[in-house]
Amino acid sequence: MTRRTLAVVSAGLGQPSSTRLLADQLAAATRDELVRRGAQVELRTVELRDHAHDVVNNLLTGFPSESLRQALDTVAGADGIVAVTPIFNASYNGLFKSFFDVVESGSLVDRPVLIAATGGTARHSLALEHAVRPMFSYLRAVVVPTAVFAAPEDWSGGTADGALRGRILRAGAELADQVDRRPPATGPADPFALTTDFAQLLGGRDS
């Protein structure tokens, strides 16, 4: 049985958070589809509000704290990513952007990503296409076609209702398909690992 890891990144600031609720439902839909395909799936959630101060310190110093390093490694080493942000002023919130600013350069290349957002009105839904999708495209991730936006009226008793539920299932299936096409992730790259052996360093000559 193939083991898969999904990183679930939530940039919600409140508790409870509709952003986290949407992230959990998208992750569950993706997990269920991968399990149906015969995979064993581990969900690893990264609540960005818990790392807010460390993200700012990393931007200022260039060095992550131990807890932030673990969060970054979770994202860099996952088979797929569910990334959900609240929409503020027609774009992702600052915490969401700042976190992905400190993700190691190149670590998301060809990584399947499902993007989603929450907001106070459905008019904010276009922010997924003009702000969030271009950011991950710039990072050379593979963003699934269906982006999921949830406004307050989409929730019924704290659960996804009607059309929102359909979008969640469709997006989860798309992410599962992209993950299933790829070999299992091997974890984040070791920044101290040797990429050239000593023979190559010596120009291929024996000592």
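The values are calculated or read from the model by the stated rules, or taken from the named source; none is laboratory data. Bear in mind the structure is a predicted one, so any value in this text is a computation, not a measurement. Note that we place each Cβ from the backbone using ideal geometry, even for glycine, and neighbour counts take in every protein chain shown. Note: accessible area is taken over every heavy atom of the protein model, side chains too, but ligands, DNA and RNA are not part of it. Shrake-Rupley method; radii C 1.70, N 1.55, O 1.52, S 1.80 Å.
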Just the residues that are touching a Lys or Arg at 6+ places or on another chain (Cβ under 9 Å) and either modelled with pLDDT of 95 or more or crowded, with 19+ Cβ neighbours inside 10 Å (or both), please, taken from the stretch 1-15. 4, 5, 6, 7, 8, 10, 11, 12
Taking the criterion of being closer than 21 Å to residue 169 by Cβ and charged (D, E, K, R), would at least one residue in the stretch 13-30 satisfy it? yes
Cβ contacts < 8 Å: first residue in a helix (DSSP H, G or I), restricted to the stretch 125-139; second residue open to solvent by 50 Å² or more (accessible area, probe 1.4 Å), any location; separation 6+ or different chain. Result? 127/92; 131/92; 132/92; 135/92; 135/97
Odd one out for residue 40 among (1) over 23 Å from residue 128 (Cβ atoms); (2) crowded, with 19+ Cβ neighbours inside 10 Å; (3) not basic (Lys, Arg): (2)
In the stretch 80-100, how many residues are more than 21 Å from residue 28 (Cα to Cα) and in a strand (DSSP E or B)? 4
Take residue 180 and decide whether it is open to solvent by 50 Å² or more (accessible area, probe 1.4 Å), farther than 17 Å from residue 96 by Cα and modelled with pLDDT under 60. no
Quick one: is residue 35 under 17 Å from the mean Cα position of the chain (by Cα) and either among the hydrophobic types (A, V, I, L, M, F, W, C) or assigned to a helix (DSSP H, G or I) (or both)? no
Matching residues, the stretch 39-57, being farther than 30 Å from residue 28 by Cβ and either in contact (Cβ under 8 Å) with a residue 40 or more places away in the chain or among the hydrophobic types (A, V, I, L, M, F, W, C) (or both): 56
Could you please let me know if residue 153 is under 17 Å from residue 81 (Cα atoms) and surrounded by fewer than 18 Cβ atoms within 10 Å (Cβ to Cβ)? no
Being surrounded by 21 or more Cβ atoms within 10 Å (Cβ to Cβ), part of a helix (DSSP H, G or I) and under 11 Å from the mean Cα position of the chain (by Cα) is true for just one of 75, 113. Which residue is that? 75
Yes or no: the stretch 16-24 includes at least one residue that is in a loop (DSSP other than H, G, I, E, B), modelled with pLDDT of 95 or more, out of contact with any Cys (no Cβ under 7 Å at 6 or more places or on another chain) and open to solvent by less than 60 Å² (accessible area, probe 1.4 Å). no
Answer yes or no: is there a residue in the stretch 13-22 that is in contact (Cβ under 8 Å) with a residue 24 or more places away in the chain, closer than 21 Å to residue 136 by Cβ and among the charged types (D, E, K, R). yes
